[in-house]
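Novice: Questions regarding the structure given below will be posed in turn.
Please treat every number below as a calculation from the coordinates, not as lab data. Note that the structure is predicted; figures quoted are calculated from it, not measured. Cβ: placed from backbone, ideal geometry, glycine included. Neighbour counts: every protein chain shown.
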Amino acid sequence: MPNDSPKNTPTSESAAQDQPTQEASIASPDRAELLTRARGFLTSPQVRLQDPYATRTFLTDKGLTPAEIDQLLRELPPSVPPRTYPALPPSNLPNLLAGVARIFTWLIGTSAIVLYVYYRYLLPRLAQSYQARLALRKHQSALIARLAESASALKAIQAESYKDLPRTIPVYEDSQSSREGSAQPGTDIPDITILRCALEELGRSKTDGTSTEELFRYLESKFSWLGGEEGVARQSDFWNQLNACPLFVSSVPKPAAPTPLPLDHSSQLLWKYIPPPPPTTSSLLASLVNLQAALPRSQEASASGPPPTPTISARQRTLQVLSDFTGYITTQTYTLGLPSIRGTGVATSGGSPVEDELRREIRALKGLVLNRRSFLPSSTGASGFTSTLGSS
């Protein structure tokens, strides 16, 4: 037994040495993971700011040796101090609000001043000028209305006054130019004018009259369109005009030779144009003519005989008679009212107030007549006189 115990002692020691080696080899992967986790734990910013002693105690409790803890602490990078930023400037919002309030205050104050100046000084003047323009416009409208009423009244008075004066002779266009200007000549000429001209033209060679057949044949030779379809209605109008107008007189021809048609047939009737009597002279025109004949003339004019017939129109002759009459009355008035020369050498009028009033009216009438004569053109004749009266 004593011999056996020494033999067994080395074997147990070798077995005890082999057991930690196996445990270390088995626990090496777990140890590496533990070191990795401890290294991550130490690198966190929360742990680095804690007490180092508390950190060592925590790692020792987790199973790390002091050598491993020192090795991990040496591997840590140096700590970086926290970054410090400058303090924020004070807020500019109060200054901004104060500036906006100041701007609004200036705007409100300026608007109030402008409104005060406008309502105090400008608005009364604008209202006054507007009222003045409105009054002028109303006055102008009233004057235009009065002018229109006066013009209408003047036209009525002129129409009433000119009804006794002779009418203006219408100026007709030359027949050749009218034929050249119209596609169908004679369509715009009255029927009575065409028939009158045709009967007068044919009546120069025939004193007894012109038959209906010859008359219509002559009209067809002058107006070619009478032979067509459009001329049938116009020929009917000519026939109705011949029978209706009293200026065209028909007669039965004398039986000179036997004819197949009766003498009273419409185609055998003889037609003549009897011009109407001249219009009677109005009382005003007759009085003016008698007055012109009664006015005194110079001895040379009376010795040479009656004056030549003037070539002026009836209205110009009327105006001339009125002018001569006004001049004669003026001459007689001033002849009767010659100033008497007194002893003092002062000329005074010896007429009565009635004579003075008559002189003033004569002067006004003479001035009116002379003014009308000054506007009368000398070369236009009756048409110019008509336009002058129409414009006045």
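Novice: Highest mean first, how do 232-240, 213-221 rank when packing is the count of other Cβ atoms within 10 Å averaged over residues?
Specialist: Taking the mean over residues of other Cβ atoms within 10 Å, the ranking is 213-221, 232-240.
Novice: Efficiency by 1/(1 + (r/R0)^6): what FRET value for Arg363 and Ser161, r their Cβ-Cβ distance, R0 = 22 Å, to the nearest 0.05?
Specialist: After rounding, the FRET efficiency stands at 0.50.
Novice: Another question, if that's okay. Arranged from highest to lowest average of other beta-carbon atoms within 10 Å per residue, in what order do the peptides 190-202, 111-123 appear? Mind showing how you got there, number by number?
Specialist: On the way: 190-202: 15.8, 111-123: 10.5.
Listed from highest to lowest mean packing, they are 190-202, 111-123.
Novice: For the residue pair Tyr53 and Glu230, what label-to-label distance in nm results when each label sits 7 Å from Cα along the Cα-to-beta-carbon direction?
Specialist: Computed distance between label sites Tyr53 and Glu230 equals 14.1 nm.
Novice: Would you mind putting 318-330, 30-42, 146-158 in packing order, based on average other-beta-carbon counts within 10 Å, highest first? Walk me through the numbers before you get to the answer.
Specialist: Values: 318-330: 16.5, 30-42: 13.1, 146-158: 10.4.
The peptides rank, most packed first, as 318-330, 30-42, 146-158.
Novice: Would you kindly state how much longer the chain becomes between Tyr218 and Ala135 on full extension, computed as 0.36 nm times their sequence separation minus their alpha carbon distance, in nm to one decimal?
Specialist: Numbers: separation 83, 0.36 × 83 = 29.88 nm, distance 7.17 nm.
In short, 22.7 nm is gained.
Novice: Let me ask something additional. If I model a spin label at Ser91 and Ala151 as a point 7 Å from the Cα along the Cα→Cβ vector, what separation in nanometres do I get?
Specialist: Taking the two extended label points, one gets 8.0 nm.
Novice: Working out 0.36 nm times the residue gap between Ala32 and Ile113, then minus their Cα-Cα distance, what length gain in nm do you get to one decimal?
Specialist: Numbers: separation 81, 0.36 × 81 = 29.16 nm, distance 8.87 nm.
Length difference between fully extended and current span is 20.3 nm.
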